[in-house]
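Take a look at the structure below.
Read-outs throughout are calculated quantities, based only on the coordinates presented, and are distinct from any laboratory measurement. Just so it is clear, the structure is predicted and the values come from calculations on it, not from any experiment. We place every Cβ from the backbone using ideal geometry, glycine too, and count neighbours over all the protein chains shown.
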Amino acid sequence: MNMIANRIADTYLQVRGAGKTYPSKHGSVVALSDINLDVRLGQFNSIVGPSGCGKSTLLKCIAGLENITSGNITVSGKPLIGPPDRMGVVFQRDVLLDWRTILDNVLLQAEFLGHPREQYRDRAMQLLERFGLKGYEKRHPWELSGGMRQRASICRALLCDPDLLLMDEPFGALDAMTRDDLNVELARIWQGTNKTVIFITHSISEAVFLADRVVMMSRGPGRIVDMFDVDLPRPRPLSVRETDPFGVYAQRIRHHFAELGVLHE
Amino acid sequence: MTNGFIAKFMRDSRSLDIVLVLIGSILLWEVVVRIFNPPAIILPAPSAIWAAFLQSPWIFVRNMLHTLSTTAIAFAISVGLGVILAVGIVQSRFLERTVYTLLIAVNSVPKVALAPLFVIWLGTGASSQLAVAVMLAIFPIVINTVLGLRSVDPDMLNLAKATRASKFDIIYKIRIPNALPSLFSGMKVGISFALVGAIVGEFVAGGRGLGFLVLTAQGQFDTTRVFVSLVLLGVMGTILFYAVDVMERIALPWHTSQRQPTT
Ligand SMILES: Nc1ncnc2c1ncn2[C@@H]1O[C@H](COP(=O)(O)OP(=O)(O)O)[C@@H](O)[C@H]1O
Ligand SMILES: [Mg+2]
């Protein structure tokens, strides 16, 4: 294979001129406008931006849950029609089913995909163990803390070994310390896999800490305003956040949003 | 048992409160009747009510069993039919716009007033009684179940769609279990309404049952026997309500255990 073929094969997810307009009673809402994004196979992308800038909409379009109203999206070179194969999603609310045990909640992914449950039992147990949930598999969600519940929902997303992992502010509802723990765990689990991740967050430091590349969005209409690669060695300890290079990346995001008048955090 | 223990038990246990209040009221009632001695046609004493029951217990028990079976059968039909209707309403836009709209419209009519119609349609006797009971009980069950089936977290549905869950999986593994708590609150109202319906059915369609006994005793100005029937109806209503409550605790440990503080 030559270089060019290699590069094309490398682009796992491609978004070209994508726009999304929601119809509504008071005129239509332009949630996304001219989004262009190339995501490499195995790349960890953080998307950061103020609320209402269309982050969730973009994620839903990539997940095949909403149709874009202009442009196109391809996954592995194929135009997107409905949810892509081998995808896992995690939302801010863990949406675990209260009447199922943690193990059965994780196995739900296989059931929905139409795979035999029993085949995934061992893998589910391994995932739960890797996320520190060993011994909790027979418990119910309401017996667990918010952090443990969100760990279980990540296990569910990972059960069938997805190539693409979409996460919409998964740690947004957690306290700062639990959030730090989960950042480290997610980075550890992701590293060495070939999983492509789109990770939406409000938090600038979380975005930089996890990402290979940070994509910044702004609103009115929802658009990409900047993106840059994060060149920090992995595995990254939490203390990387106190280093100068990290500070420079964080400052770049902060500066950008200050300029746009939407600084937060 | 020390006094302290009894005091603690009284504070903790609500059912004990209810029992004590009931016993207290009955004693007070007895005392008031003995002191003021009103005519038995106005207010018989509890002891007289008890005596009237003992005079012909089997008549009361037989009629009570009849009312109980009407209530139970009507309740079972209402739950079965109600859940099927609710699932249909949530799954089909057409049923929602027709059947559900009609249900909501009819629900605001005082349905008890329709009871005599059933006698015209179905004649006197058991089938009219049953129809009136179903008509009252099914509304809270359908309406609550529809609300429960709809109140699924939209992100849960997004997750299901993103993993290409089948329609069957969404209804069977998400919507129905999610609706069970609402179904049970509908059932608690429904069981009381089924009993009311059975009694009203007996009032208008006659035949048998405690409602019918109340009516005949009233015709003879036998207030004591009216009260025997009323007490039995009260006991029955309470037992039926708690039966549904116990079913709920067994069926929905995830729901009830969150609601009940563990003391
Ligand atoms: N289903 C919808 N119908 C109409 N407007 C919507 C819908 N979903 C989102 N929007 C609008 O689109 C814009 C972007 O929303 P969203 O993607 O949720 O932003 P974010 O996730 O960045 O907070 C907002 O103005 C929001 O009100
Ligand atoms: Mg959002």
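The distance linking region A:38-53 with region B:222-248 is 63 Å (Cα centroid to Cα centroid, whole angstrom).
Centre-to-centre separation between the Cα atoms of region B:103-163 and those of region A:68-90: 42 Å. Between B:N107 and B:F168, the simple spin-label model (points 7 angstrom out along Cα→Cβ) gives 3.1 nm.
With respect to chain B, whose longest principal axis is taken over its alpha-carbon atoms, helix B:14-36 is tilted by about 30°. Using 0.36 nm per residue and subtracting the Cα-Cα separation, the extra length available between B:I84 and B:A243 on full extension is 55.0 nm.
Shielding of peptide A:95-102 by partners, expressed as the average count of other chain Cβ atoms within 10 Å per residue Cβ, is 5. Angle of helix A:244-259 to the longest C-alpha principal axis of chain A, folded into 0 to 90 degrees and rounded to 10: 60°. Here is how the number arises for chain B: DSSP H runs of 4 or more residues each give -39500 (n - 2.57), the sum is divided by the residue count, and the result at 222 nm is -26000 deg cm²/dmol. For the segment A:107-115, counting C-beta atoms of other chains within 10 Å of every residue's C-beta and taking the mean gives 4. Reported value for the protein assembly as shown: 239 Å³ per residue, from the convex hull of its C-alpha atoms. Between B:E96 and B:L22, the simple label model (points 7 Å from Cα in the Cβ direction) yields a spacing of 4.4 nm. Seen from A:R86, the other residues with C-beta closer than 9 Å to its C-beta sum to a net charge of -3, counting Lys and Arg as +1 and Asp and Glu as -1. The local environment of B:G219, defined by Cβ-Cβ distances under 15 Å, has a net charge of -1 under the rule Lys, Arg +1 and Asp, Glu -1.
Taking the longest Cα principal axis of chain B as reference, the axis of helix B:176-205 is set at about 40 degrees. Global size of region A:93-160: 10.5, 30 Å for Rg and Dmax (C-alpha atoms, Rg to one decimal, Dmax whole).
Between beta-carbons, use under 14 Å as the cut-off and find the net charge around A:I189, counting Lys and Arg +1, Asp and Glu -1. After counting each charged neighbour, the total is +4.
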